[in-house]
Every structure is written in C-alpha cells, then in structure tokens.
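I have placed the structure first, in the form of structure tokens, so that the comments after it can refer back to it.
The values are calculated or read from the model by the stated rules, or taken from the named source; none is laboratory data. Source: prediction; values computed, not measured. All Cβ positions, glycine included, derive from the backbone under ideal geometry; neighbour counts span all protein chains shown.
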Amino acid sequence: MTFDYDVIIIGSGPAGFSCAMQSTKFDKKVLIVEASDHNLGGSWISKGTVPSKALRAAAKLIQSFHKQFGDEKGRKPFERFRMEDIMEYKEPILDSKNRQFKDDIIKNEVETARGWGRIIDKNTVEVTDQLNNKNNYTAKYILISTGSRPSEPKNFKVDHARILDYSSALELTHIPRRLVIIGSGIISIEFATIFAALGSRVTILSDLNEVLPFLDEEVKAELIKSIKKTNIQIFNNTKIKKISTNDLRTCDEVLFKVKDQEQLQVVETDHVLYIGGKIPNTKTLGLEEVGVETDKNGHIKVDNHYRTSVSNIYAAGDVIGQPSLASASFLQGRLSSTSMFGSSTKITPETEDIPFGIYSIPEISGIGLTEKKAKELGIDVTVGRAYFKTLTRADLNHETDGILKIVFKTDDLKLLGVHIIGEQATDNIHLGQVVMAYNGDIKYFIERVLNYPTYSEAYKIAAFNGLNRVYKAGVKYKKILEKNQ
Ligand SMILES: Cc1cc2nc3c(=O)[nH]c(=O)nc-3n(C[C@H](O)[C@H](O)[C@H](O)COP(=O)(O)OP(=O)(O)OC[C@H]3O[C@@H](n4cnc5c(N)ncnc54)[C@H](O)[C@@H]3O)c2cc1C
C-alpha cells in the first residue's frame, strides 16, 4: 500500500519538531499538521518555554541593574521600566526562534498543513483549515504531539483581562503592582519570582501544605529564604472562596480561607494569575473511534517506544503526561522516530536520568535521589555541600546566594544525586548528570582540573566537603577511602 507520507505529525511543538527532524535523517517524507494560524513551535516557542524565559531574562537584567546601581529617585522597577521595554527585549528572541524553526523545516523539506488534525483511520489524518475546508492525508505512521493547554478553575472564570492563565500572563501590556498567583507549582514559582524582580507585590495562594514538595529540603530552605527577601508572600493550605471587583478601590479582591482557620482572608490585587495544571489536547483527535487508549486524565497511553494502543500511531510530549517539559518532549519525539524508522531497541529514558530545571530567580535544578529519598530507600549516603558565597565566580557576579549539594553512596562514593539552587543551576546540573550517567563517583570532581573561576567549582568544593565527612565517620570507611584514593 502506498501513502502520501512516511509520517504525519499532528502538532509542531518540541515533540513534533524533533520527530520531524529525526525522520528526515532517515530520508523519510514528513508532514506536520498545525492548528495555530500564527506560529509553528507550539507552547515551546509561542506560549510557554521561550516567551517565559525571555521575560525572566529581562526581569533578571532589570533586577541586577536595580540592585547594583539603584535609582536616584527611589523608584521601583515597574515605575521606571515599562512592559514595552521588556517586549523590546523579548520580541527579537521570539522572532529569531520562529525564523530558525522555519529555516530548519524548509532546509529539511518537511511539509506543513495548517488546520486542525483529526485521525479518521489508522493511516489517514483529516485537516480542517480556518475556512472549514477539509483535506485528507495518508501516512504509514502518525505521531500525536498535540501538547496541552491550561486547566480551568472550578469556582471562577479566567477572562484573560483581570484573571489570567499562564498564556495570557505573557501577553500583559503593563507590569502589575500587585499580583495574586493561585497555584504553587513550578510555573507559579517562576512567574512569582519574575514579577517580584520587576517590583510587583506577589501573593501565592497554594492549596498544598508546602510549595514544590519534591525539592531537596536544604534547596527548599534556600528558596524560602530568598523569597522572604523579596516581595512574595506565600499562604499554604488555602481554599479560594470568591474573586470579586472592588470598584471603589479599583482593584480585585481574592477571598480565601486557610485550612483549620475560621476567618475569611482578603487580598487586594491588580491581577489574578491562575496556574492550576495542564490538560492534554486530545478531545477532537478522534482517538476513541480509531482505538487509541487514554488514561483517566486524558493522557494517551504509550509503551516504552512511544507506541499507542494502535501500533503505527505514536504519541509524545505533554499529551502523554509527565514530565511535561520541552526538554523531555524533544527526546521523546526523536525516539518515536527512531522507533518508527531505525532501531527498535531504544527505550524511554529512566525518570531518574531526567533533570528538572526551575527558572525562578534564583534558578533551581536537580537530578537523581535527594538525601531524604536515599535514606528512605535504606541507602547509606553521605552529602557534600558548596555554598555559592565560597565561589569566586559567584563573588565576581555579585550572585552569592545558593547551594550545590551532592548525594553519594558512602561505601564507594558513587554519585546518586545533585541538587542546586543559585546562578546557572540549570546549566551546571549537567556535569553531575554526565558523571551519574557513566556510574561515576565524586573523585571525578576532585581529580580533574575544572575551569576557574566557574560555578562548576561548586562540585569540587562539595566533593571535598563530602569526603571530609566520610573521613570523620572514622574506622568504618577507612579501608574504602584507602581503596578509593
Ligand atoms: C509558561 C511555561 C513555561 C515553560 N517553561 C519550560 C521550561 O523552561 N523548560 C521546559 O523544558 N519546558 C517548559 N514548559 C513546558 C513546555 O512548553 C511543554 O512541555 C512543551 O512545549 C510540550 O511540547 P509538545 O510538543 O508536547 O506540545 P506543545 O508545545 O504544546 O505543542 C503542541 C502543538 O499542537 C498543536 N495542536 C493541538 N491540537 C492540534 C490538532 N488537533 N491539530 C493540529 N495541531 C494541534 C498546538 O497548536 C501546538 O502548536 C513551559 C510551559 C509553560 C506553559
């Protein structure tokens, strides 16, 4: 049987893009179907990763400048800088990413069809364009990489004017003086620290009893310390009762209750930002009719080759659920393609091999076991710490808040986890990731020459610090250390 294409990819985010690029390396004919009539690139380029990081970069620049040189009139950043200034910083970045994306698909002869894709049988995708014209395309394989969208709150409505979600927050035309963020996940903490850097007074209302419960405890303590120095207030265990407009005071009011407390609390704000999670974009794809199974949250079920319950239909990216990151989606899309056209032995990466990066100010990143988790698993571990205030590079940059913590097995010094908060954490994590991927131990950091001054020096300091601790443990490990030195 002949088809129009080797693979049709529905959705042009990181999962779709990387599947397309990899498939062209196998000399395959590729069609990307994209519903957005603006840009290609999905949440990655248009609504999430890159725009939020560009906003962060501008806010960080303003914050550093303000911290270092102040303002002769004592103005706050939002009184001195306008969103227009920030847009001027952001726009060329987005333009450049869009151009790169288009260049890559043109160079690699990937075709595109604009419109909503729907799978009508296991080899056919129907595409409905803006004018309701329908065209059918066939392929040997189909990849579903339709991503996700923000979930909606239950007891109020996001109107994208006063009450925003993570998409509309990136479209704000001014810097709010006051912002209430409902939700306390990664994106909430990122937005909170970005707007606080711009001078906004931020209140986080979390329904959990702590923010980011997966973080290493010492990293979390550093984050909370850093948050306390800024204009951010966190209320945990809250329940939102009502959001209303106070015309007299020209503001919105968020009424909430904290668990086990009787009284209703009110916080005044210019905007509310609701960040309650993501919903997979699966509804209009015709999955049920074609037999593609989903779980109770609507995520598409896949095996470790990213194959769905229909063997020639694959799925990757946010649409299959955690970790729901552009970083992981790139790899998943590429592996889907290698499974379709290359070797069939490659399997999904283990969760503990995937680092996470939180682009708050300061940055946070981690990989592998935390000290707490290792102990729960009964592993005899030792930790090593490096405080950023001891790093020359941090001194040079006036960025001395932060800690890098390594977790390693006491008996053979094997590295099991790295947890960082501080400047360049999301880059610096990869040195630890490589050592862990090759089953390395902490002697790597001690025996190698690392560039100086760098933030990577923290690994060396933490390794020495950890080794000292093993020494102090005494006779029990003496032989091991002799063997290891
Ligand atoms: C504010 C924010 C910040 C983020 N920051 C980071 C970060 O720093 N690092 C990181 O790794 N991740 C980050 N993410 C997550 C990241 O953006 C997503 O995980 C990633 O974009 C998911 O990629 P994807 O390929 O699954 O889908 P998406 O990027 O969501 O793209 C899906 C595409 O499919 C299209 N589509 C949907 N349905 C159809 C249909 N029926 N027919 C045709 N086209 C369709 C959509 O229009 C969209 O273009 C962030 C997300 C947000 C919201």
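Among the conditions (1) over 30 Å from Lys157 (Cβ atoms); (2) polar (S, T, N, Q); (3) modelled with pLDDT of 95 or more; (4) away from the ligand (no atom under 14 Å from the Cβ), the only one that Ser343 does not satisfy is (3).
If you check Asp27, Asp37, which single one turns out to be out of contact with any helix residue (DSSP H, G or I) (no Cβ under 6 Å at 6 or more places or on another chain), more than 9 Å from the ligand (Cβ to nearest atom), free of Cβ contacts under 8 Å to residues at least 12 places away in the same chain and of a type outside the set (Gly, Ala, Ser)?
Numbers: Asp37 fails: free of Cβ contacts under 8 Å to residues at least 12 places away in the same chain.
When all the criteria are applied, what remains is Asp27.
Of everything listed in (1) more than 27 Å from Ser12 (Cα to Cα); (2) touching a helix residue (DSSP H, G or I) at 6+ places or on another chain (Cβ under 6 Å); (3) assigned to a loop (DSSP other than H, G, I, E, B); (4) without any contact (Cβ under 8 Å) to a residue 40 or more places away in the chain, the single unmet condition for His160 is (1).
The residue that is nearest to the ligand (Cβ to nearest atom), among those in the stretch 139-182 that are in contact with a Cys (Cβ under 8 Å, 6 or more places away or on another chain) and assigned by TED's automatic domain parsing to the domain that holds Val110, is Ser145.
Taking the conditions (1) touching a strand residue (DSSP E or B) at 6+ places or on another chain (Cβ under 8 Å); (2) over 22 Å from Leu223 (Cα atoms) in turn, Ile354 satisfies each one other than (2). Checking Val310, Val290, Val254, Val319 one by one, the residue that is of a type outside the set (Asp, Glu), surrounded by fewer than 20 Cβ atoms within 10 Å (Cβ to Cβ) and closer than 26 Å to Ser151 by Cβ is Val290 and no other. Pairs meeting the criteria (first residue in the stretch 118-133 and under 14 Å from Leu31 (Cβ atoms), second residue surrounded by 20 or more Cβ atoms within 10 Å (Cβ to Cβ) and hydroxyl-bearing (Ser, Thr, Tyr), beta carbons under 9 Å, at least 6 apart or on different chains) are Asn123/Tyr141. When Glu111, Glu152, Glu79 are screened for being surrounded by 14 or more Cβ atoms within 10 Å (Cβ to Cβ) and in contact (Cβ under 8 Å) with a residue 60 or more places away in the chain, only Glu111 passes.
Hey, could you check the stretch 215-265 for residues that are in a helix (DSSP H, G or I) and charged (D, E, K, R) and say which is modelled with the lowest pLDDT?
First, the residues of the stretch 215-265 that are in a helix (DSSP H, G or I): 217-228.
With the extra rule that they be charged (D, E, K, R), the set shrinks to 217-218, 220, 222, 225, 228.
Numbers: Glu217: 96, Glu218: 97, Lys220: 97, Glu222: 96, Lys225: 93, Lys228: 89.
Going through the qualifying residues, I end up with Lys228.
Looking only at residues of the stretch 286-319 that are within 25 Å of Ile186 (Cα to Cα) and touching a residue at least 40 places away in the same chain (Cβ under 8 Å), we find that the one that is nearest to the ligand (Cβ to nearest atom) is Gly317. Of the strands (runs of 3 or more DSSP E) lying entirely inside the stretch 283-396, those carrying at least 2 residues that are touching a helix residue (DSSP H, G or I) at 6+ places or on another chain (Cβ under 6 Å) are 356-358, 364-368, 381-387. Given the criteria within 14 Å of the ligand (Cβ to nearest atom) and surrounded by fewer than 22 Cβ atoms within 10 Å (Cβ to Cβ), does Gly333 qualify? It is false that Gly333 is within 14 Å of the ligand (Cβ to nearest atom) and surrounded by fewer than 22 Cβ atoms within 10 Å (Cβ to Cβ). Of all residues in the stretch 90-104, those being buried (at least 17 other Cβ atoms within 10 Å of the Cβ) and either among the aromatic types (Phe, Trp, Tyr) or within 15 Å of His38 (Cβ to Cβ) (or both) number 4.
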